[in-house]
Every structure is written in structure tokens, then in C-alpha cells.
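Structure first, commentary second.
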Amino acid sequence: MDRPPLTDAPAPRAGPPSGGFGRLSFGFLGVSVLSGVLLVPFYSPAAAWDSLENIQGGLAWGFFLRALHAYSSFAVLVTMALHVVQVLAARTERQLAAGVWWRSVILLPVTIAALLGGFVLRGDAEALAALAIWKRILESVPFAGAEIARLFLGSVPGDLGAVALHHAGTLTLLLWFFTAEHAGRLLPDVRGTVLAALVSLALAGTVPLPLGAPPAASPAHLLGPWSLLGLQGALVYLPPAAGWLLPLAFVLLLGLVRHAESPARRTLLAALAAACAVYAFFTVRVLLSAR
């Protein structure tokens, strides 16, 4: 059978791929956005760590709201990854049109970028160390690297205004738009939202979210953000350009799954599984080296 073109139409049973994790991810995104909006008035990107210190200890229930935002945001990525596995296992990726599928695949790096922005916005010692690494990775992009770094990270030392703008604005809007397009609805469904809210509330109430060390401190070992520990471990041996080349390769492999027939599809899935295994290896390596 000939391979379908990149613009091929969806399968006859068109619609969003099946799977409860997708609906749950949209619900967690709703909780994350709402809790983030409530935090905005109390946060200043020019004094990030001081703002979080005030939220954590000087604002009534501020510690709980911060934890609610963090855990619901983490859960967006976890449930999204589980949804990808669910879709690939059920072979339902062709229920989406090609363009919608590729924009749905882009949700993964956009979500990770949003989480990285949230980590940097903590403004503590580890966040500043991660910011320096992020800047070097962006600057390694050929021709426009320095301009891209200024666009996303700003040019004023100590002011995280650009990061905050993209975290709360650009990336959040992209996440919502692509997720809504993928789900075929503008708002998450009630069941997914209620379940996501209950899980987030339970985590925020039982698992404290600590405040990091002051920015003047020197972290003995950078451990975070958790979603990028594998990449952090790989960058010990690879040049900074690997920080964007490897995620780009993963996104392309995942996107091409929709257009491949067997055995090419099995080859792509095997390559994705191998990449995940290597990533897990480096993640464990980083965690063990921090002990």
C-alpha cells in the first residue's frame, strides 16, 4: 500500500482519538490556568524569589494555591504522555486530520517549555542555574540563536518579565488552542475537570511544595526541572545544541507515525521506545548522582 501524503484526510470515523487521559489532561490544564491566574497579582518577575516567599508564607493559603498550580501543571504533562501511549496503542492517530495531528504532537514540547518557564520563574538558585543552561541552548540555534534567547528570556539580568510573559501568555494560549482543537471542544468536560481538580487539591493539601534556596546561594547540584532530567543528564556529554536537536528529532518521529504504514510504523515506534529508554536511563543517572 502506498504511504498516505502528509495532508491526507482523517479516517472515516474522524474525531479526537479515544482515551480518558486526554480528557483528564484538558481538565488539569483548566485547573492549572485558573490557579495561575489567581497567582498573577501576587507575583513580580522583577523580584521573583521575594514574590514566592511572600506567597508561600505571607499570603493566606498562598502556599496551597502555589502547590495547586504546580501539581496540576505537572499532571498536564503526565496525562498527556499517557494519552499519547493510549492513542498509539489503539492505533487511533488517524482519527485526526494531518494538520491537527501535528499541532497535537507539538503540544508535548510546548507543555515542557511552559513547565520549564514555571521552574525558572521560581527565581531561586536552581532556577537561575537552569535559566543559564536554557540560554546557552537557545543561543546554539544557528543564525538566530541570540535573538531567540532575547525574545524568550529577555535581556535584563534578574528580570524574568519575558519568561513570565511567555509562560502565562504565549505558551498558555498555545496550549489551550491546540488542546481545544485536538479535543474538538473549547472547554474541558465536567467529569475530567472535576477529577483533575480533586487530584490536584489532594496533592496540594498533602504534599508540601518547598521554597527553593535564595538566588544568592550556589546550588550544590542542579536537579530540575523534573521533566527535563534526562536531557540534563545527556547534556553532560553532548553540546548545547543537543538541547533542541534531540527534542526536535523526537517530535518528528512521533509526528511521522501517523503517515507510516507497517513495518515503517513499527520502526518508528521502536525508535521512540528506544529514545524513551535512553531518556529514562539519563534521568536515573542524574537522580543517583545527586544523592
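The values are calculated or read from the model by the stated rules, or taken from the named source; none is laboratory data. Everything numeric here is computed off the predicted structure, so don't read it as measured data. Cβ: placed from backbone, ideal geometry, glycine included. Neighbour counts: every protein chain shown.
Taken together, the criteria exclude G36 from residues that are buried (at least 20 other Cβ atoms within 10 Å of the Cβ), touching an Asp or Glu at 6+ places or on another chain (Cβ under 9 Å) and of a type in the set (G, A, S).
A single member of L131, L108, L175 is at negative phi and either touching a Pro at 6+ places or on another chain (Cβ under 9 Å) or part of a loop (DSSP other than H, G, I, E, B) (or both), and it is L108.
No other residue among L128, L82 is within 19 Å of E181 (Cα to Cα) and touching a residue at least 24 places away in the same chain (Cβ under 8 Å) apart from L82. Residues in segment 108-123 that are over 8 Å from the mean Cα position of the chain (by Cα) and within 13 Å of L174 (Cβ to Cβ): how many? Count: 1. If I filter segment 218-228 down to residues being in a helix (DSSP H, G or I) and not aliphatic (A, V, I, L, M), which single residue comes out as farthest from the chain's Cα centre (by Cα)? This residue is W226. If you go through segment 149-164 and keep only what is surrounded by fewer than 18 Cβ atoms within 10 Å (Cβ to Cβ), in a helix (DSSP H, G or I) and without any contact (Cβ under 8 Å) to a residue 60 or more places away in the chain, you end up with R150, L151. For segment 209-217, state whether one or more residues are modelled with pLDDT under 95 and within 19 Å of the chain's Cα centre (by Cα). For segment 209-217, residues modelled with pLDDT under 95 and within 19 Å of the chain's Cα centre (by Cα): present.
The rows are residues; the columns are (1) in a helix (DSSP H, G or I); (2) free of Cβ contacts under 8 Å to residues at least 40 places away in the same chain; (3) surrounded by fewer than 17 Cβ atoms within 10 Å (Cβ to Cβ).
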residue: T193; (1), (2), (3): yes, no, no
residue: A204; (1), (2), (3): yes, no, no
residue: P210; (1), (2), (3): no, yes, yes
residue: G230; (1), (2), (3): yes, no, no
residue: G233; (1), (2), (3): yes, no, no
residue: P239; (1), (2), (3): no, no, yes
residue: V251; (1), (2), (3): yes, no, yes
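Pairs meeting the criteria (first residue in segment 267-286 and without any contact (Cβ under 8 Å) to a residue 12 or more places away in the chain and under 14 Å from S227 (Cα atoms), second residue among the acidic types (D, E) and surrounded by fewer than 13 Cβ atoms within 10 Å (Cβ to Cβ), beta carbons under 7 Å, at least 6 apart or on different chains) are lacking.
Residue by residue, here is whether (1) of a type in the set (D, E, K, R); (2) within 23 Å of L52 (Cα to Cα); (3) touching a Phe, Trp or Tyr at 6+ places or on another chain (Cβ under 9 Å) holds:
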residue: W102; (1), (2), (3): no, no, no
residue: E126; (1), (2), (3): yes, yes, yes
residue: L151; (1), (2), (3): no, no, no
residue: P157; (1), (2), (3): no, yes, no
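For the condition closer than 22 Å to I106 by Cα and in a loop (DSSP other than H, G, I, E, B), V141 qualifies.
Any chance segment 167-184 includes a residue that's over 30 Å from E53 (Cα atoms) and over 20 Å from the mean Cα position of the chain (by Cα)? Yes: one or more hits.
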